[in-house]
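Structure, as structure tokens:
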Amino acid sequence: MSQVFSRRNLLVGAGVVAVGTGVTYYLNQGGNKVGSFTQPEVLASNNGVLEATLELATVSKQLGNAKVNMLSYNGTVPGPTIKVRPGDKVKLKLTNNLNQDTNLHTHGLFVHPNANSDNPFIHVMAGESFDYEFDIPADHAEGTHWYHPHLHGQVANQVFGGLYGAIVVEDDNTPKVSEDRVLVISDASFDSSGNLAEANMMGLMMGREGDYVMVNGEIQPQGKTKKQAVERWRIVNACVARYLALQVVGGEAKLLGLDGHKLAEAEDLQNRVLAPGNRADVLVTVNADKVSLVYNTVAHPDAGMMGMSSKEYTDYPLVTFTAEGAATVIAAEGKFQPLPDLRKSSVSTRRKFTLAMPNHAMVMGAATMEGMFTINGEAFSHDKVNTTVANNTVEEWTIVNTSTMQHPFHLHIWPMQLVSVNGEEISTLRHQDVVTVPANGQIVIRVNFHTHTGKTLYHCHILDHEDLGMMGVIESV
Ligand code: C2O
Ligand code: CU
Ligand code: CU
């Protein structure tokens, strides 16, 4: 392989149990077709309104040299990119032509969680339609978010199946760049007839990881860029359970923000780990003949013990752009306003959340693991409110993980500011909507429960864990 993909230091390499054989670089083996890089279709608002239909149906598509059957919004994997501006009204008709129920969640958007807005308690039956309506606040920050189904018990299956798409909020501060790209990373596995594979017990327990890792629904797609081009890459980790250690090879990569929330100061992307559900907004300056987004496996600390044998990826180029000709557009720096530092706010309430999952011995012989994944000893139940918060107060939460694997903790609607990890203070301003709680560790976050009242959710974004109960209901009153 070319020097662009030469072996580099692995952040997670040292001292970690190997999790199986090296990955087969699928497309680099004789005769396989190389997919070309394409962006999902864009549904953009016009004069403050976006009115569109998202139709769910099965789709048969080409993946590498195989024909596979997936689930789709509007016939593509990923679904269309929803592009809006602050102050917009978004009317989405969700038409469910699958033979299973579903619903829609706008992960990361600061919209209200009630009625026909970002309400995860809605049920859209097979064969039915539902009219969603979202009001994007006039002061909504620009950034990258995403949408996916949120029907408890089916979330992992449906996301694994192909149901996800990007949401882009643009405003006048959005930098002008040579290329503004959406890179939705997802994974899936198929049986020999090309149908989606079901998760086995171990997959459910550790969170399922697909055999194929895709960018915009292609395996290792190839695209074009220009020399010295400054591009914005909107990276979405839409994998059900896979952590992604990412770096850019062949370009300088500056991380502007995570989960749509800007850093006070752009940071180097190199080896940043995106948890399932995280997004990264990255400015890439092309400085070689080829520029790639490169992925390395983040090993489960207990993978050996669990007898897990998923593929290990080392310096795996997820997507590559070849530079031809010189860039003409010189990027303007965006001006971003990070969210206020909640460490300076007074805290009204402190709470503790303990995440727990069964160990191997506990699930041996069990018919189902449903309900064995818990928060504060309780599995998710629709008719229960687990946490009631007062609107317009700042809370401090300690999230404790009693298990031997990490869990990505997600709160709907309100961003979380990371204060400390395992007792170590975070020195910078870090607002995210998915934060990783290390194995046998704990984190402290602060949340400003402002503006919206109503009921929504917090949960592990390893979607198998969420479906098995690691989720709670929060109500802001
Ligand atoms: Cu991305 Cu509650 O989910
Ligand atoms: Cu969410
Ligand atoms: Cu989890």
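List of remarks:
- Residue that is farthest from Phe353 (Cα to Cα), among those in region 446-469 that are within 16 Å of ligand 1 (Cβ to nearest atom) and in contact with a Leu (Cβ under 6 Å, 6 or more places away or on another chain): Asp464
- Of the candidates Val473, Val437, Val477, the single residue that is away from ligand 1 (no atom under 15 Å from the Cβ) and touching a Leu at 6+ places or on another chain (Cβ under 7 Å) is Val437.
- In region 204-243, of all residues being closer than 19 Å to Val286 by Cα and of a type in the set (Gly, Ala, Ser), the one that is farthest from ligand 1 (Cβ to nearest atom) corresponds to Ala229.
- Some residue of region 122-136 being within 15 Å of ligand 2 (Cβ to nearest atom), acidic (Asp, Glu) and part of a loop (DSSP other than H, G, I, E, B): no
- With respect to the conditions (1) surrounded by fewer than 22 Cβ atoms within 10 Å (Cβ to Cβ); (2) under 27 Å from Tyr147 (Cα atoms), Val434 falls short on a single one, namely (1).
- Cβ-Cβ under 8 Å pairs, at least 6 apart or on other chains, region 361-377 side within 16 Å of ligand 2 (Cβ to nearest atom), far side in a strand (DSSP E or B): Ile375/Phe353; Ile375/Thr354; Ile375/Leu355; Ile375/Ala356; Ile375/Tyr458; Ile375/His459; Ile375/Met471; Ile375/Gly472
- Failed item, numbered, when Tyr458 is tested on (1) within 14 Å of ligand 3 (Cβ to nearest atom); (2) closer than 22 Å to Ser117 by Cα; (3) surrounded by fewer than 21 Cβ atoms within 10 Å (Cβ to Cβ): (3)
Every number here is computed from the coordinates shown, using simple stated rules; none is lab data. Predicted model only: the values in this text are computed from it and were never measured. Note that each Cβ is placed from the backbone with ideal geometry, even for glycine, and that neighbours are counted across all protein chains shown.
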